[in-house]
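Take a look at the structure below.
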Amino acid sequence: MSMSENEAVPARLPRDAGRGHGGAEQPAPPRRRVGLLVLTLLILLLGVGAWLHWRTYAASRATQRQEEQFVPQVRTATAQRVDSPVELVLPGQTEAFDNANIFARATGYVAERRVDIGSRVKAGDLLIRIEAPDLDQQLAQAQATLGQNQAAVAQAEAMVESAKANTKLADVTKYRQTTLASQGWETKQNADNATANFSVQTAGVANAQAGVAVSVANLKAQQATVDRLVALTAFERVTAPFDGVVTARNVDRGDLLTSDSSSGTPMLSIARDTILRIAVYVPQSSAIGITDGLEAKITVPELPGQVFTGKVARTSVALQAASRSMLTEVDVPNPDGKLRPGLFVNVSFAVPRQRPGVIVPDEALVFNASGLQVATVDPGSAVHFKRVSIYRDFGTTAELRDGLDGGETLVLSVPAGLPDGSKVRTAAPPPDQPNGGAQTASR
């Protein structure tokens, strides 16, 4: 090999150059290793940050898409159109069909009392017998005076007959005296006297007839007094005015009674309980449907399981201004006496509707700035709000006056902020509540 070729070949380091003693490799400088470590950490942090940012962005986009596509799930019920009678239950009170407070009409002492509280009586039964000797004596005196008046009438009538006889005689005498005087057989003085006597006797007949009229009038007045005293003495026997039961007794044997004491305490009180009146106050919302003859069912809390029937017998027609309610009386037969006057009862009416109504659950009603509304769901599952007004409230349901026709699907417990026209998903009703949990009682 030539020299020039040797110079062209670069010089090579020995194979063991850069190694330490014994042939070991020398480590890199410290500054270079720190730079590599920092660069690696920086790249790692940038990658983690980028991944976290991407994940947050992806979650926000997913949430946004979910919010934009969210369809709330709601419970629904159907608006019921009904035309059946409205069941109306009202409190009432039983009253006796007839109730009489019996006062004394004769002054005297109680000689006999045949009844007590709870006694059953028939019309005409003797209840109390009163001894009134003063009244009896007044009657006897009046009857004696009546006899005198009758005799006075007979005497006056006899005087009339006597006066008529004297008048007839005076007429005959006047005719005779006048005839004889005209023929010269009697003086004119006697004829004039006979004529005057006839006039006097004629006036005497009129006077006697007037006396008869006076006697007859006195007789009638005395007869009226006797009749009055006879009627008062009849009150010495106090009898029952009708069939019933004695509900109060305030006198006993030997008590002194004073007549015309209607403002005082009655001797007895009698109630007729074979038929009872039940007083009920019907509110204005149902007053128009209450008519005579409408059937009613009566229940008593103390008699569970027993239902009594009656009919509306009468109403006050006009409503009371203070309570806007109408007094209604229901007559209930009570032949066995199970019902008693003064009981608190519940009266149920089947009031005919004036027009078909729409009943909705109270859960479907929404009250906001737009007024009272309900949210309906159309066949396309879109929500539409409709304004309604309530005719009457039954507690868990309400009957509407207007706004719905019946059959509409209503949203229950409408979510706050649900806009008109938004889509919803209807929840499947439970098996035991096919109407979405709504309590739509038949009314």
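The values are calculated or read from the model by the stated rules, or taken from the named source; none is laboratory data. Bear in mind the structure is a predicted one, so any value in this text is a computation, not a measurement. Every residue, glycine as well, gets a Cβ built from its backbone with ideal geometry; the counts of neighbours run over all protein chains shown.
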>> Suppose we keep only residues that are of a type in the set (D, E) and over 14 Å from A271 (Cβ atoms) within region 84-119. Which one would you say is surrounded by the fewest Cβ atoms within 10 Å (Cβ to Cβ)?
In response: D116
> Within region 302-313, which residues are in a strand (DSSP E or B), touching a Lys or Arg at 6+ places or on another chain (Cβ under 9 Å) and exposed (fewer than 14 other Cβ atoms within 10 Å of the Cβ)?
Replying inline: V307, T309
> Of all the residues that make up region 279-301, how many are part of a strand (DSSP E or B) and within 30 Å of D116 (Cα to Cα)?
Replying inline: 1
> Residues in region 90-116 that are of a type in the set (D, E) and modelled with pLDDT under 90: how many?
Replying inline: 0
> Do we have S182 as exposed (fewer than 13 other Cβ atoms within 10 Å of the Cβ), in a helix (DSSP H, G or I) and at pLDDT below 85 here?
Replying inline: yes
> Would you say P415 is part of a loop (DSSP other than H, G, I, E, B), on the phi < 0 side of the Ramachandran plot, modelled with pLDDT under 80 and not charged (D, E, K, R)?
Replying inline: no
>> Out of everything in region 190-207 that is of a type outside the set (S, T, N, Q) and more than 9 Å from Q177 (Cα to Cα), what residue ends up being surrounded by the most Cβ atoms within 10 Å (Cβ to Cβ)?
In response: F198
>> From the list L327, L276, exactly one residue is outside any loop (DSSP other than H, G, I, E, B) and either surrounded by fewer than 19 Cβ atoms within 10 Å (Cβ to Cβ) or at pLDDT below 90 (or both). Which is it?
In response: L327
>> Tally up the residues in region 335-348 that are buried (at least 19 other Cβ atoms within 10 Å of the Cβ) and modelled with pLDDT of 95 or more, please.
In response: 2
> Of the conditions (1) at pLDDT 80 or above; (2) of a type in the set (K, R); (3) more than 30 Å from V110 (Cα to Cα), R228 fails just one. Which one is it?
Replying inline: (3)
> Can you find even one residue in region 384-393 that is surrounded by fewer than 16 Cβ atoms within 10 Å (Cβ to Cβ) and in a loop (DSSP other than H, G, I, E, B)?
Replying inline: no
> Does region 334-367 hold any residues that are touching a Lys or Arg at 6+ places or on another chain (Cβ under 7 Å) and within 24 Å of P304 (Cα to Cα), and which are they?
Replying inline: S348
> Would you say N166 is closer than 22 Å to A224 by Cα, more than 60 Å from the chain's Cα centre (by Cα) and either at pLDDT 85 or above or assigned to a helix (DSSP H, G or I) (or both)?
Replying inline: no
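For (1) in a helix (DSSP H, G or I); (2) modelled with pLDDT of 85 or more, each residue gets a yes or a no:
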residue: R33; (1), (2): yes, no
residue: L37; (1), (2): yes, no
residue: L41; (1), (2): yes, no
residue: G47; (1), (2): yes, no
residue: Y57; (1), (2): yes, no
residue: T63; (1), (2): yes, no
residue: V71; (1), (2): no, no
residue: R75; (1), (2): no, yes
residue: L88; (1), (2): no, yes
> Hey, any hits in region 120-138 for a residue that's among the small types (G, A, S), surrounded by 13 or more Cβ atoms within 10 Å (Cβ to Cβ) and outside any loop (DSSP other than H, G, I, E, B)?
Replying inline: no
